[in-house]
Amino acid sequence: MKIAATATAYPQYYFSQQEIVEAIKEYWSESFEKSGLLERLHYRTGVDGRYFSRPLEDYRGLDTWGKANDTWIEVSEELGEKAIDCALKLAGLARDRINALFFVSVTGVCSPSIDARLVNRMGLSRNIKRNPIFGLGCVAGAAGLGRAADYVRAYPDHVAALLSVELCSLTWQRNDLSVANLISSGLFGDGAAAVLVAGDKVAASGPRIVANHQIFYPNTHDVMGWKISEKGFTIVLSPDVPVVVRENLGRDVDEFLAQHGLTRADIDSWIMHTGGPKVLEATADALSLRNGELDVSWEALRRVGNLSSASVLIVLDEVMKHRRPAPGTRSILAAMGPGFCAEMLLLEW
């Protein structure tokens, strides 16, 4: 099993963090007493700017969940097609070569799901195996890659496409002035990523997926996720997220590596979900990474913010295209998210 190609796609609207702060002040104009807190939280996220699905002034008009979700459907189709086509071009494959399509998102819903809409929009195979996955949040990029690998392990002459589209700006809750929502509005952005995973009988030059591993942490469902009501998605984001990372990730990575006769010393690069500053710091602590091993994740956070499930795939895309490790070396790709849970893959270049 190999990663044949990766690609990213973003909306056309990009704004600096300062522009976003000023727009949100106007968005929440009746609550200016919190503007100082808003600024402090936004400028501590490590984010310079983010992509948005619409111009900033248009968000006031998205005043119902239905309007926001309609925008999510429209933009998801556009970005999904763009990301998949880019990955196919890089791999030298035609659209009809995709045998299975895994779609992950946690920022909108529709039925038929986005993968079905893309089958129609792109003329994909009528026999394609569709796998829409909702609810995994930030971990879904790694989880979707693991499920795609499981699929081509069973069908070695097939190609599976993983598509992540996250339009986090469309989940803003105007009447929620909690610290969690203020942090969320300063951290998360919009974008998409696609990955093609090829079975062993398909020619591909990317890294080999050696194994994947999942861990669920019981009774931690209130650490991260959504509270869903008639108003849409309201963020659940506990201060305990970095604690859970710090207390569990190192042990679980070590156990995963031990299953393959390896230790952290055998890992040459780390492809980690961007999270936020506290999550990346907790990741570094948990894995004893002190020599810039997470620089690609930090740079992705600075450039586009946290894109939930797409984030770890954006880091993977950067590594694939600009920082490819030496042949024969190994990487760990990992993310954590609602459940609370972790997913990790061992890659060999």
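The values are calculated or read from the model by the stated rules, or taken from the named source; none is laboratory data. The model shown is predicted, which means the values in this text are computed figures rather than measured ones. Cβ: placed from backbone, ideal geometry, glycine included. Neighbour counts: every protein chain shown.
Listing for the model above:
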read-out	value
Residues of segment 178-220 classified as closer than 27 Å to Asn69 by Cα, surrounded by fewer than 21 Cβ atoms within 10 Å (Cβ to Cβ) and touching a Phe, Trp or Tyr at 6+ places or on another chain (Cβ under 7 Å), total	0
Members of segment 65-85 found to be of a type in the set (A, V, I, L, M) and surrounded by 20 or more Cβ atoms within 10 Å (Cβ to Cβ), listed by number	Ala68, Val75, Leu79, Ala83, Ile84
Residue list for segment 223-251, restricted to those being in contact with a helix residue (DSSP H, G or I) (Cβ under 7 Å, 6 or more places away or on another chain) and under 11 Å from Phe340 (Cα atoms)	Val223, Met224, Gly225, Val241, Val245
Qualifying residue in segment 297-305 (condition: outside the structural domain of Tyr14 (by TED's automatic domain parsing), of a type in the set (D, E, K, R), buried (at least 19 other Cβ atoms within 10 Å of the Cβ) and touching a strand residue (DSSP E or B) at 6+ places or on another chain (Cβ under 8 Å))	no
Selection from segment 319-349 of residues that are closer than 28 Å to Asp240 by Cβ and in a loop (DSSP other than H, G, I, E, B)	Pro338, Gly339, Phe340
Subset of segment 307-334 (residues that are under 13 Å from Ala7 (Cβ atoms) and either crowded, with 18+ Cβ neighbours inside 10 Å or free of Cβ contacts under 8 Å to residues at least 60 places away in the same chain (or both))	Ala310, Leu313, Ile314, Leu316, Asp317, Glu318, Met320
All positions within segment 54-75 that are touching a Phe, Trp or Tyr at 6+ places or on another chain (Cβ under 9 Å) and either under 22 Å from Lys129 (Cβ atoms) or not in a helix (DSSP H, G or I) (or both)	Arg54, Pro55, Leu62
Search result, residues across segment 24-68 that are within 13 Å of Ser169 (Cβ to Cβ) and modelled with pLDDT under 85	Ile24, Tyr27
Residue satisfying condition, being aromatic (Phe, Trp, Tyr) and under 27 Å from Glu81 (Cα atoms), within set Tyr155, Tyr217	Tyr155
Test: residue in segment 157-171 that is surrounded by fewer than 16 Cβ atoms within 10 Å (Cβ to Cβ) and assigned by TED's automatic domain parsing to the domain that holds Gln18	yes
Filter result (more than 15 Å from the chain's Cα centre (by Cα) and either of a type outside the set (Ser, Thr, Tyr) or farther than 25 Å from Gly80 by Cα (or both)) within segment 162-182	Leu170, Trp172, Gln173, Arg174, Asn175, Asp176, Leu177, Ser178, Val179, Ala180, Asn181, Leu182
The lone exception for Val223 - which of (1) in contact with a Pro (Cβ under 9 Å, 6 or more places away or on another chain); (2) outside the structural domain of Leu333 (by TED's automatic domain parsing); (3) over 29 Å from Glu77 (Cβ atoms) it fails	(2)
Single unsatisfied condition, Phe134 versus (1) modelled with pLDDT under 95; (2) touching a helix residue (DSSP H, G or I) at 6+ places or on another chain (Cβ under 9 Å); (3) surrounded by fewer than 24 Cβ atoms within 10 Å (Cβ to Cβ)	(1)
Residue in segment 122-129 that is among the aliphatic types (A, V, I, L, M), part of a helix (DSSP H, G or I) and at pLDDT 95 or above present	yes
Residue list for segment 86-99, restricted to those being surrounded by fewer than 22 Cβ atoms within 10 Å (Cβ to Cβ) and within 15 Å of Tyr155 (Cα to Cα)	Arg97, Asn99
Residues (of a type in the set (Phe, Trp, Tyr) and either free of Cβ contacts under 8 Å to residues at least 12 places away in the same chain or within 29 Å of Ala68 (Cα to Cα) (or both)) located in segment 107-159	Phe134
Residue selected from segment 183-203 under the condition closer than 20 Å to Ala91 by Cβ and assigned to a strand (DSSP E or B), by the criterion farthest from the chain's Cα centre (by Cα)	Ala198
